[in-house]
Structure formats: structure tokens, C-alpha cells
Amino acid sequence: MDLSFEALQPLWHGAISLETTAEYVRPWRIPYAQRGLYPASLLPLAATQAGVRLAFYSDTRRIAGEIELKEDNQKLDLFIDGKLVETVDLAGKCAFAFEGLPAGEKLVELWVPQRGDFALRRFELEDGATVRRYEDKRPRWITYGSSITHCKSSSSPSRTWPGIVAQAQGWNHTNLGFGGQCHLDPQMARLIRDLPADYISICAGINIFSGPSLNARSFPAAVVGTALTIRDKHPQTPLLFISPIYSLPRETEPNSQGLILPNYREMVEEAVATLRAEGDANVHYLSGLKIAGEETAHLMPDNLHPDAEGAEVMGRNFVAHAVPLLTGQG
């Protein structure tokens, strides 16, 4: 039994919009119809699907599909009733199939690749299978960041650090991590503002250091401006700014603005202190060193991006240090 792209539309989770043609459907992490308003360099990253999954109730014993891929090392994770049951390596494939699923109605979640360009050309269930929409009523968490949040190096789609956090906390998460593209663009602040959210976290600074897109004058203003825009529709939502994680040689070697990574941590902390001094008691700061400090340097093969084990460490550290701030337990 083939499900049409129209029938699939309400089953996508973690996506902002869908690009639908007669041949395929591709989830996007920005509004596809308004993509021309976003920086051109962000678009290829927004068309990747970190944190995106198909989720629905069904009694099917089989799931299969045809896909379009443009990058190696892509995988699918299948969860049944909240538990990972199988990971499929898509290398060299244009189709996938999961056989022998448990009988009876169950919650099916298919996490699509967090890296590369993925499009779904066909989606098939067992003939006569039931399909029922999954209304995810768990707390909604939005996290915005760079490639370190995008987590291309994670072992599978559900093992990004945001995915690890979401599973540990029972959160419905939206991953807005874009490799090289976390520059606190006003468009992203407006997007976050307009999404439903119970918790919001923003990892700010590493792309701005490397760009460098903002300087010592404009970066703190961008942090404050991002917060103020989000507050237009989320006046009381817990909002957490996280400064850059550890990264050699950026700790001691200045960029073209004459700034080192500790300067960016200081600027994020000071901007948050300014917001709190102006009465925003629900905005918080956390040093990225609490998420991945010098002790994790051996998990960063390129001195910047945590590997698969590093993503696991980041997820655990986020639960330990960031979640208490977001939930009011810290």
C-alpha cells in the first residue's frame, strides 16, 4: 500500500516545511516557499534533515520506500514504541525496507538522515495496514546552532546530541543546526519566534568567530536582538544561550577581528547579563565548555567537530548542565 505525499504530510515531525513535486517530497528546516529570503549559503544546509522523522501509529508489519540521495554515509533509524529497533545504511541504495515489524498498532518513527540531501520518492506499508496520525504532545524544544548542532558525524540520525537529549527528556525537538550557518540571522530569529516552543536553546559564536560575520560591536547586539525578536511571541519561554565549545587553536589564535574564542564566550555571557538586568528572568547563559570542554578535545578529530562519541558526551552534558537551566531546576 503506497501512501501519497499528501497523506504523508501530517506525519512529518521536526521539519519546518515540505518541498513536494510529482516525483518526491523533501523536508526543509526553513519555510521552503520563502527560501529566497534566506542567505543563499544556508539553503543547502536547510535542505538537510537533522532531527526530521516520520511518526505515526500503524499495524503494518512492513515499511519500505524509494529514496534519492546525494551523499554517502546516510542512514535511517527505525523506532517502535519509542525504542530503536534497526538502523539501515543507505550507502549505494535507492530504496529501503524494514520487515517483520511487531503485530498490532504501534508508534512507528522513522528518523531520516541528518546529513546530505535526502528526498522520499515512494513510501509503502503492508497492504490494508491502518495509519493514524501521531499528535506529539511532549514539550517542544527548539535548538539553533552550527554544524556542531547539525551533527553530521553522529553514528546515525537519532544519535545527534539534540536527538540524545530529546530522547532522554521526552521532548519533541526541532533541530535548527546548520553547518557553517549559525550567524544569528534575523530571519532565523523570526522563524524561532513563530514556532511553538516550551524550551529554546541557541549555540552562538563558533561560525561568527570563523566567518567572521560579526565583530566585537555587532555580535553582542545580535545576541540581544535575537532574544528580543524571540520574545515578541515567547515572552516567558525559557531561553538559553550557549557559548562555543572548546576548540583548538581558536582558544589562543585570534581571527581577523583580533578575537579569540574566550572573547566570544565573554560576549555571550555579557549580553545575557544585560538582558537579565533589563528584567528578562527566563533568559540564561551556559558556557560551551560545560558541554564540551578541553577534556573532550580527543573527540574532535579536526579540532572543531565532535565525532560520534563526542556527540554522545555532548548529549549527556547538555542533560546535566543545560536542561536544569531550561526547566528551572538549576
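The values are calculated or read from the model by the stated rules, or taken from the named source; none is laboratory data. Because the structure is a prediction, the values reported are computed rather than measured. As a convention, Cβ positions derive from the backbone with ideal geometry for all residues, glycine included, and neighbour counts pool all protein chains shown. What goes into the accessible areas is simple: the full protein's heavy atoms, side chains included, and nothing from ligands, DNA or RNA. Shrake-Rupley method; radii C 1.70, N 1.55, O 1.52, S 1.80 Å.
Looking only at residues of segment 6-22 that are assigned to a helix (DSSP H, G or I) and touching a Leu at 6+ places or on another chain (Cβ under 8 Å), we find that the one that is surrounded by the most Cβ atoms within 10 Å (Cβ to Cβ) is 11.
So, residue 119, is that one within 18 Å of residue 61 (Cβ to Cβ), small (Gly, Ala, Ser), crowded, with 16+ Cβ neighbours inside 10 Å and touching a residue at least 60 places away in the same chain (Cβ under 8 Å) or not? When the stated conditions are applied, residue 119 does not pass them.
Residue-wise test of (1) out of contact with any Asp or Glu (no Cβ under 8 Å at 6 or more places or on another chain); (2) within 24 Å of residue 144 (Cβ to Cβ).
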residue: 45; (1), (2): yes, yes
residue: 70; (1), (2): no, no
residue: 112; (1), (2): yes, yes
residue: 115; (1), (2): no, yes
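So that you can scan it fast, the table gives a plain yes or no per residue for (1) in a helix (DSSP H, G or I); (2) more than 23 Å from the chain's Cα centre (by Cα); (3) among the polar types (S, T, N, Q); (4) surrounded by fewer than 24 Cβ atoms within 10 Å (Cβ to Cβ):
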{"residue": "209", "(1), (2), (3), (4)": "yes, no, no, yes"}
{"residue": "215", "(1), (2), (3), (4)": "no, yes, yes, yes"}
{"residue": "222", "(1), (2), (3), (4)": "yes, no, no, yes"}
{"residue": "229", "(1), (2), (3), (4)": "yes, no, yes, yes"}
{"residue": "237", "(1), (2), (3), (4)": "no, no, yes, yes"}
{"residue": "244", "(1), (2), (3), (4)": "no, no, no, no"}
{"residue": "249", "(1), (2), (3), (4)": "no, yes, no, yes"}
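When segment 279-302 is limited to residues that are charged (D, E, K, R) and closer than 20 Å to residue 202 by Cα, the one that is farthest from the chain's Cα centre (by Cα) turns out to be 280. Scanning segment 67-84 for residues that are over 21 Å from the mean Cα position of the chain (by Cα) and either surrounded by fewer than 13 Cβ atoms within 10 Å (Cβ to Cβ) or among the acidic types (Asp, Glu) (or both) gives 68, 81.
Residues in segment 189-198 that are under 19 Å from residue 324 (Cα atoms) and either in a helix (DSSP H, G or I) or in contact with a His (Cβ under 9 Å, 6 or more places away or on another chain) (or both): 197 only.
Out of all the residues in segment 23-66, which are in a helix (DSSP H, G or I) and open to solvent by 10 Å² or more (accessible area, probe 1.4 Å)? 32, 33, 34, 35, 36, 37, 40, 41, 43, 44, 45, listed by residue number.
Being modelled with pLDDT under 95 and over 21 Å from residue 189 (Cβ atoms) is true of residue 70.
In the set (1) free of Cβ contacts under 8 Å to residues at least 60 places away in the same chain; (2) open to solvent by 50 Å² or more (accessible area, probe 1.4 Å); (3) over 19 Å from the mean Cα position of the chain (by Cα), the condition left unmet by residue 328 is number (1). Tallying residues that are part of a helix (DSSP H, G or I) and surrounded by 21 or more Cβ atoms within 10 Å (Cβ to Cβ) within segment 301-316 yields 4. Within segment 157-181, residues that are surrounded by fewer than 21 Cβ atoms within 10 Å (Cβ to Cβ) reach partners that are basic (Lys, Arg) and part of a strand (DSSP E or B) with beta carbons closer than 7 Å, at six or more positions or on different chains, in the pairs 172/140.
The set of residues in segment 252-296 that are assigned to a helix (DSSP H, G or I), more than 19 Å from residue 221 (Cα to Cα) and open to solvent by 40 Å² or more (accessible area, probe 1.4 Å) comprises 289, 290, 294, 295.
Every test in (1) in contact (Cβ under 8 Å) with a residue 40 or more places away in the chain; (2) open to solvent by less than 70 Å² (accessible area, probe 1.4 Å) is passed by residue 91 save one, and that test is (1).
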